[in-house]
Each structure stands twice: as structure tokens, then as C-alpha cells.
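Let me begin by presenting the structure, written as C-alpha cells, before commenting on it.
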Amino acid sequence: MNFLDRRGKKVVPVYMINGFLDSGKTGFISFTLAQPYFQIKGNTLILLCEEGENEYPEELLKKSRSVVEIIEEEEDFTADKLAELEKKHKPDRIIIEFNGMWNSKDISLPSNWKVEQQITTIDGSTFPVYYNNMRSMVADMIRKSEMIIFNRCDTVRDQLNVYKRNIKAVNAQTDVIFEDANGEIDEIFEEDLPYDLNQEIIVLDNQGYGIWYLDSMDHLERYIGKKIQFVAMVLKPEKFPKGYFVPGRMAMTCCADDMAFIGYACEYAGAASLKQKEWIKITAAVTKGYFEDYKGEGPILQALSVEKTKAPKDEVISFS
């Protein structure tokens, strides 16, 4: 069934595949085209914005009713040019193999094109080079992606925990998948954490707090019923329920100009007496429950003790 936009034009679903040259974009798209679930009615237009080592096999294109159009220059990636290609091929869906070196912030698509999903592919063996030297560009791709696929991870398995923290710091909601030559890799194990989950009270330093915050999103079951202790800044959001506040830290998610306050809701009888942005040392039990600001269930802290303290030497934490 085709849907129409306000102007009566057919709405065309678009799938954005981001990544730098030779990051595995063509391989991922070819794999997708070959899957039974993709053998659906209609034609697919693939917009190829850079040519890497791999090409799309003609047999695969024919079987999947797909056609490739190459856009070599960034200045040609305009809404008008894309509309011309849609008129030429009349596709039922569009896959854009985007050039990772192009500006992904201000992409202009025809008004009847709807981005259904954005995926970023990353070569695990070269990720540190790109992340350290082009962090802002990498972060722009990650922020808009529902899924990040690291491939070629055979030689960097010991770095996957760091990779995942870097990604989640920029986009906490995205799914991160690691692959080696044999397929998917399970990544963060309990023994890789920088703290002991068997301690009576898990004391979190700067690095530990950031890792705990991210890991508890994916593995909350590890922490339910555990006691944690950390130095935090007090945040009291407007319209927060009575008896709740957020103990957390400012974190550098990408670069010095890109920071965010990270923390979870905490129930505390003395919340009203706390001052905005004052520093405390908190010991709390980790529970799971529904919270309106989460729009669902998530970690909720139950404060066991709250003491005023001095600001730490490094007030801003980093995930690197």
C-alpha cells in the first residue's frame, strides 16, 4: 500500500546507511538485498555516494529489482537532483549509501521522502583513528542512527567495551552490534567492568560512574538490589515528583563543546532540602520501576545516605 503526503505525492521510505569509505556499507546493503525478508514487491533505488572496493553484483540487483545511481559530488546531493532520480526510476523504497565525509547535519531530501531507519557501519580496526581525529563528524552520524554495526573486530576484541561506551555516550538509545569473521560478538562481560559487583557497596569513581550509567541501560539486572556510592551534582528538574531528584555528573559525550548531564531519578525523603547544583556523596540502592520521564521502566535509585561534599577535582567525566 502506498501512502500519500499532503501534496498527493507517494511517500517513499528511505534507509540511510552511513559510514566512512570501506567501512562495510556496500557489504551490509548487499547482505540485506539477498535476505528473504527483502524479497518484496516493488523496486529499490540505491543511491551510491562513493565507490569503494566492493560493487553490487548484477545478479543480485536483478533478483532484488534494484538499480544503482551514482552521485559523485556532494554539491549534487540536493533535493531537486534526488527528485529527478525518483521520477526516473519510480522506486518503492530508497537506500542511500551515504559518503561519510559529506556533511550529514544538513541533508536535504525531497519532501515526500521519509527516513525510516538510519544505520552506521564502522570498521572496528580503524575506529580509534576516525574517532580521535574526526570525532565531531563521527558523532554526527552516530546521533541519528538507530543501529551501529562494527565489523572486522577480530583484532580489537579487547577494545569493544571502550568502543561501546564511546558510542553510547553520544547516543544512548542506539543499538550497537559487533561482528568478526564468524558473526556477532557478545561484548561487555561482568569481568570487564572496572568495579567489583560483589562488593557490599560498589564505589564508583569518575570512570566507574560513566561505565555504570551506560551499562545499567543494557544490563540493569546486574545492579538491581546492589548498593552504589558516588560523588554527584544535584539536579532538581521542574515538575519532578515530590521526594525525587537526580544525582549525576556532567559528561563530555563528544568534544569539549558537547556535554550533557547524566543521571537517574533518585527517591529521597530529604530531596526538598537539597540545593540545585550542590555536590553530595550519595549511597543508594538500585531498583527498577516506571518513571514518567523515562516514558517507561528504568533504573531508580533509593537513597540510603546523602552527605554534602566538595566538588571533585575533575567535575566533568569522559567516556574515553
The listed residue being basic (Lys, Arg) and more than 16 Å from Asp218 (Cα to Cα), out of Lys277, Lys288: Lys277
Selection count where residues are under 24 Å from Leu160 (Cβ atoms) and not in a helix (DSSP H, G or I), scope segment 206-225: 2
Flag for Glu97 being surrounded by 20 or more Cβ atoms within 10 Å (Cβ to Cβ), more than 25 Å from Ser216 (Cα to Cα) and acidic (Asp, Glu): yes
Set Ser64, Ser136: member being in the same structural domain as Asp22 (by TED's automatic domain parsing), touching a Leu at 6+ places or on another chain (Cβ under 7 Å) and polar (S, T, N, Q): Ser64
Residue list for segment 210-260, filter: polar (S, T, N, Q) and modelled with pLDDT under 95: Ser216, Thr253
Pairs, first in the same structural domain as Met101 (by TED's automatic domain parsing) and surrounded by fewer than 18 Cβ atoms within 10 Å (Cβ to Cβ) in segment 21-42, second among the hydroxyl-bearing types (Ser, Thr, Tyr) and assigned to a helix (DSSP H, G or I), C-beta under 6 Å, six or more apart: Phe38/Thr32
Any chance Glu69 is modelled with pLDDT under 95, part of a strand (DSSP E or B), within 20 Å of Tyr15 (Cβ to Cβ) and touching a strand residue (DSSP E or B) at 6+ places or on another chain (Cβ under 9 Å): no
Among residues of segment 13-58, those that are part of a strand (DSSP E or B), touching a helix residue (DSSP H, G or I) at 6+ places or on another chain (Cβ under 7 Å) and either of a type outside the set (A, V, I, L, M, F, W, C) or modelled with pLDDT under 95 (or both), counted: 1
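The values are calculated or read from the model by the stated rules, or taken from the named source; none is laboratory data. Since the structure is predicted, the reported quantities are computational estimates derived from the model, not experimental observations. For neighbour counting, all protein chains shown are included, and Cβ atoms are generated from backbone atoms with ideal geometry for every residue, glycine included.
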